[in-house]
Amino acid sequence: MKNLLKFITCGSVDDGKSTLIGHILYDTKKLYTDQEQALELESKVGSRGGEIDYSLLLDGLMAEREQGITIDVAYRYFTTDNRSFIVADTPGHEEYTRNMAVGASFADLAIILVDASQGVLVQTRRHARICALMGIRYFVFALNKMDLVGYSEARFREIEAEIHALAEELHLHSVQIIPVSATAGDNLTTKSDNTPWYTGTTLLDYLETVDITEAQSEEGFYLPVQRVCRPNHTFRGFQGQIESGEIAIGDEITVQPSEEKAGVKAILVGDKQVDHAYAGQPVTIQLDREIDVSRGRVLTRGNSISSAKAFQATLLWMDDSQLTEGKEYFIKLGTRTIPGVVRAIRYKTDVNTGEQLPALSLKKNEIAYCDIAVDENIPIDTFENHKTLGELLLIDRVTNMTSACGVVQAIVHETDIGRTVQFQQGDEIVKTHLFETVYVQLQSGLLGSYDPEGVRFQIGDAVPLSGEGYHYPQDFDILDLASRSVVRIRDGVFAQLLPLRQYVTSGLPIVNERGAAICVPSQDDLEQFLVAYDSHTRADEKKLNRWLHFETFRRIVYRSSTSDDYMI
């Protein structure tokens with residue numbers, strides 16, 4: 001197969017994306033005879049006065065032809081003497097930005113069309129930012145409709161300066177700027193006499209020759225496990241696609257997140273056994289010993305891939321409903337889907353200026369940098385280092401709607417989280433959320449929470465007993481149900497940490513790790529509470545609601561969605 005280039009066309013509404021690709025297909029004779037005849041016939045009853053409407057080759061939906069805009073992503077495959085291509089023609093309307101992002105997720109190169117009569121628009125900037133977010137490193141800015149500005153070199157240079165400024169802002173790796181007319185065919189497949197001042201290549205020549213292999217390769221071998229293959233009791237194989245590197249029989253691999261190690265016993269590509277396999281191949285790998293491997297785990301070798309429960313990511317919000325801090329989603333990362341929460345929106349990005357703005361919520365098509373946490377350790381890395389383990393989706397847990405896509409920018413390891421209050425005695429550590437603020441947003445009515453920067457208390461340290469969302473007594477006990485430990489606070493000072501099995505209530509107030517009062521006046525009441533807590537019956541849930549009282553030492557505060565008091 002010839003060297004393959006996957007590219008996307010994008011830009012604002014009516015910039016000529018479908019027309020450009022259709023004209024290239026027509027000029028390179030990549031249409032069947034019946035397709036060419038149908039195009040010419042349909043064009044006669046279209047809106048171009050009988051002239052060929054090249055966009056009809058890609059806009060196949062009835063609604064697209066009626067409105068003259070692209071709605072869905074249209075994929076086309078074609079080949080020339082020098083290269084094979086897959087192109088995704090994407091919609092330009094802001095309403096369909098999510099469709100454009102889907103197309104960008106598969107591409108190596110982006111052609112961004114700019115209407116020469118209008119210049120760089122907000123949607124142009126949004127699409128360039130999304131393409132960069134999705135890891136595209138090669139950009140062609142096609143200044144279309146040059147015929148409508150009289151093939152003006154001055155106009156070309158003016159827009160060229162805007163594009164260079166945008167490329168510098170987004171740190172684009174490679175940028176090519178070509179003046180074209182998608183309708184007239186200028187500089188698409190042959191050089192145009194109408195632009196003698198342009199000395200560069202045609203669009204097709206550039207697509208045929210651009211070298212995308214110089215992009216930085218990923219470190220080491222890794223394979224996200226898609227499926228465990230167990231056809232009989234004698235065979236257990238782990239299936240998936242090798243995303244980077246090579247693997248051979250006898251190599252030692254590490255399984256993330258468990259970090260267990262094993263040797264490679266056999267490798268199958270399809271039903272054929274091989275000695276080694278490489279990136280891009282779907283394989284089945286057998287190991288030389290039984291270890292815990294299931295879907296969502298990752299086989300690694302020779303790289304720094306690890307696991308974590310928290311990370312920071314740039315998100316493109318695609319849902320009609322707003323994103324607010326504290327809302328839970330299913331998070332799909334690699335081959336794993338796991339419950340998680342958007343803990344904080346650090347800032348959103350103005351797509352026009354690039355300015356970082358404070359935000360407590362996010363609307364459709366906005367881009368933001370967020371703190372995200374998941375329920376347990378998962379294999380993860382930054383998008384820059386390992387693409388497949390650094391790209392994610394947020395899925396609404398009720399509607400199953402894909403609410404956002406994004407990329408991991410930074411990993412937050414357990415030692416870096418620091419957003420919990422920790423009590424340490426020797427090697428024992430109890431983590432709590434005693435000082436968090438629980439709030440209700442006035443406009444949305446949604447509940448959220450915010451933890452201040454964490455702190456670690458040692459024996460003898462004074463504990464701040466009052467704050468905006470809490471007020472604790474001088475003497476009380478903290479019962480951490482997760483670690484089965486108790487922290488004693490006396491005269492406002494961290495006095496002792498002991499195992500729960502050694503604890504006997506003295507009648508002083510007791511709170512859980514989040515500061516909710518546990519109303520158990522006697523040791524017998526405490527024992528009943530612990531039994532109910534460990535149970536999962538509805539009857540015991542009712543008992544817990546009688547024993548647990550959040551509002552005794554804590555309070556819920558209200559805030560406006562325009563407030564920035566809780567920004568990190």
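The values are calculated or read from the model by the stated rules, or taken from the named source; none is laboratory data. Just so it is clear, the model here is predicted, and its values are computed rather than measured. Every residue, glycine as well, gets a Cβ built from its backbone with ideal geometry; the counts of neighbours run over all protein chains shown.
Couple of notes before you dig in:
- Residues that are surrounded by 18 or more Cβ atoms within 10 Å (Cβ to Cβ), part of a strand (DSSP E or B) and within 15 Å of the chain's Cα centre (by Cα) within segment 315-331 comprise Leu315, Leu316, Trp317, Leu323, Tyr329, Ile331, listed in sequence order.
- Scanning segment 170-201 for residues being hydroxyl-bearing (Ser, Thr, Tyr) and surrounded by fewer than 17 Cβ atoms within 10 Å (Cβ to Cβ) gives a total of 5.
- Test: Glu246 is touching an Asp or Glu at 6+ places or on another chain (Cβ under 9 Å) and either at negative phi or among the β-branched types (Val, Ile, Thr) (or both): no
- Checking segment 287-295 against the condition returns no match, with no residue being surrounded by fewer than 20 Cβ atoms within 10 Å (Cβ to Cβ), part of a strand (DSSP E or B) and not assigned by TED's automatic domain parsing to the domain that holds His127.
- Only residues that are charged (D, E, K, R) and assigned to a strand (DSSP E or B) were counted in segment 347-379, giving 4.
- Considering the conditions (1) in a loop (DSSP other than H, G, I, E, B); (2) crowded, with 19+ Cβ neighbours inside 10 Å, Ala132 is excluded by exactly one of them, (1).
- Each residue in segment 77-90 was checked for being in contact (Cβ under 8 Å) with a residue 40 or more places away in the chain and part of a loop (DSSP other than H, G, I, E, B), and 4 of them qualify.
- Flag for Ala277 being surrounded by 16 or more Cβ atoms within 10 Å (Cβ to Cβ), modelled with pLDDT of 85 or more and within 25 Å of the chain's Cα centre (by Cα): no
- Some residue of segment 263-273 being charged (D, E, K, R), over 30 Å from the mean Cα position of the chain (by Cα) and assigned by TED's automatic domain parsing to the domain that holds Gly22: no
- In this structure, Leu188 does not qualify as at pLDDT below 90, in a loop (DSSP other than H, G, I, E, B), assigned by TED's automatic domain parsing to the domain that holds Asp27 and farther than 18 Å from His23 by Cβ.
Condition check ((1) polar (S, T, N, Q); (2) surrounded by fewer than 15 Cβ atoms within 10 Å (Cβ to Cβ); (3) touching a strand residue (DSSP E or B) at 6+ places or on another chain (Cβ under 6 Å); (4) more than 30 Å from Leu143 (Cβ to Cβ)) across all residues:
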site: Leu203; (1), (2), (3), (4): no, no, yes, no
site: Glu218; (1), (2), (3), (4): no, no, yes, yes
site: Glu260; (1), (2), (3), (4): no, no, no, yes
site: Lys272; (1), (2), (3), (4): no, yes, no, yes
site: Ser307; (1), (2), (3), (4): yes, no, yes, yes
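Per-residue answers, yes or no, for (1) closer than 14 Å to Phe311 by Cβ; (2) in contact with a Pro (Cβ under 6 Å, 6 or more places away or on another chain):
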position: Lys363; (1), (2): no, no
position: Glu366; (1), (2): no, no
position: Cys370; (1), (2): yes, no
position: Val374; (1), (2): yes, no
position: Asn377; (1), (2): yes, yes
position: Asp381; (1), (2): yes, no
position: Asn385; (1), (2): yes, no
position: Gly390; (1), (2): yes, no
position: Asn400; (1), (2): no, no
